[in-house]
1. Would you kindly calculate the mean projected area, averaged across all directions, of the convex hull enclosing the Cα atoms of the stretch 82-238, in square nanometres?
2. Extending each Cα 7 Å along its Cβ direction at Glu156 and Ala79, get the distance between those two points in nm, one decimal.
3. Within 10 Å of each candidate Cβ there may be at most 11 other Cβ atoms; applying that plus a DSSP loop requirement, which trypsin sites (Lys or Arg not before Pro) in the stretch 1-91 survive?
4. Count the lysine pairs in the stretch 50-137 whose Cα atoms lie under 13 Å apart, taking only pairs 8 or more positions apart in sequence or on different chains.
5. How large is the dipole of the chain about the Cα centre if only Lys and Arg carry +1 and Asp and Glu carry -1, each at its Cβ, rounded to the nearest 20 debye?
6. Which residues does a label at Glu281 reach in the stretch 219-263, if reach means a backbone N under 13 Å from a point 7 Å past the Cα toward the Cβ?
7. How many Å³ per residue does the convex hull of the Cα positions in the stretch 50-137 occupy?
8. If you average the C-alpha positions of the stretch 180-198 and of the stretch 241-265 separately, how far apart do those two centres end up, in angstrom?
Amino acid sequence: MLDAGTLRGMVFGDCSIALNDLPSWHGVSCFSGTYREGLEAFQVFEDLGYMPDGTGTHTWVLIEKRGISTDQAAERLAACAAVAQKDVGYAGKKDTVAVVRQWMSVLTKSMLSVGTIDKCCSIVSVTRNSRKLKVGQLAGNRFRLRLSGQASDIFEVRMACIAEQGFPNYFGLQRFGRKGQNLDAAKRLAVRDPRGKRRLHPKDAMAASAARSAGFNAIVADRIVRGTLLDAGVDDAVILTGRGSHFQIRADELASVTTRIGVGELSPTAPLMGSCSKTGERQAEIESRVLEQDPLLYRWLSGIFREEERRSVRVVPKELEWSRSGTRLELSFWLPRGSFATALLHEIGQLTESNERTIA
């Protein structure tokens, strides 16, 4: 249930869906401290999964941004290239309070070159490609994080469990807005259009996405509380780990699917809300009971989106490495697109964000 300190917008029904209020899967906290103590303490390196081919009408640049949003970086690049910001493409939005390297594209004949744009943005590499870079065209991101705090005697065991079994695929604070404003906006839209009969305006897409994400967090939390995060039965929808392909389990597949879930090849799924379910009746009924705890958002999203989307309930990080020296903890890991590093941190312990920002 909510307490007085819970952000107003970070609720689904009567329950908080903020990370710090959600149940962890592996047990009690094994590390307490802070993260983002300065920009260098949170570094993100985008992995497209491919490289531009070096020819074509689009200039692709690898930028480094420091303490600014992806949109702010795109605005600076557009000004540098003398194009409209809408002509700048990128694969995904990255953390603001961080040092980030990510690719952007510009349709232009002008030559962009390696160098500093301003104190918060620079161009690291320049090449070309035949197409504009679009949202979603990436494999994942590599993270290098530095935390400060105290580890308990179960820390090494916990990290080994996360490396082998993964962690709950919760949406982080970025999806909801730092004060929950995206979810607040969704609730205002739902009040004005309770049955979701109006076409969703592009400017409201982020609010709708936040509402679907809130329902997803609530279902994952429910699975953890019931001890069923990785349980799957006949007709349930499961997904290939790290990919978007999902399927429903046939009776003759159940044994092999259960084994593959155990070794991390497959994972159960939960929905991003829509009126038409993509899983079996049993699983859909359980999920609906959770989603109906917020009838306002449930009815609105069921009208806005004809079909639900399925998302893995857990993430298995790749190349998870860690080292400790005194009160300092350094982490390095790779996550598939759409996953949140803060969800991994939540599974380690109760951490406070320092929130140091560069003045842009």
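Computed from the coordinates by the stated procedures, all read-outs in this text should not be read as laboratory data. Keep in mind the model is a prediction, meaning the values are calculated, not measured. Don't worry about glycine lacking a Cβ; one is built from the backbone with ideal geometry, like all the others, and counts go over all protein chains shown.
1. Details: hull surface 62.1 nm².
Value for the stretch 82-238: 15.5 nm².
2. The modelled label-to-label distance comes out at 5.1 nm.
3. Values: sites: Arg8, Arg36, Lys65, Arg66, Arg76, Lys86; in loops: Arg8, Arg36.
Passing both the DSSP loop test and the Cβ count: Arg8.
4. On the way: Lys65/Lys93; Lys65/Lys94; Lys65/Lys119; Lys86/Lys132; Lys86/Lys134; Lys93/Lys134.
Value for the stretch 50-137: 6.
5. Details: 49 positive and 41 negative charges, 296 e Å.
In debye, rounded to 20, the chain gives about 1420.
6. From the stretch 219-263, the list is 235.
7. On the way: hull volume 7.0 nm³, N = 88.
For the stretch 50-137, the hull spanned by Cα atoms encloses 80 Å³ per residue.
8. 35 Å
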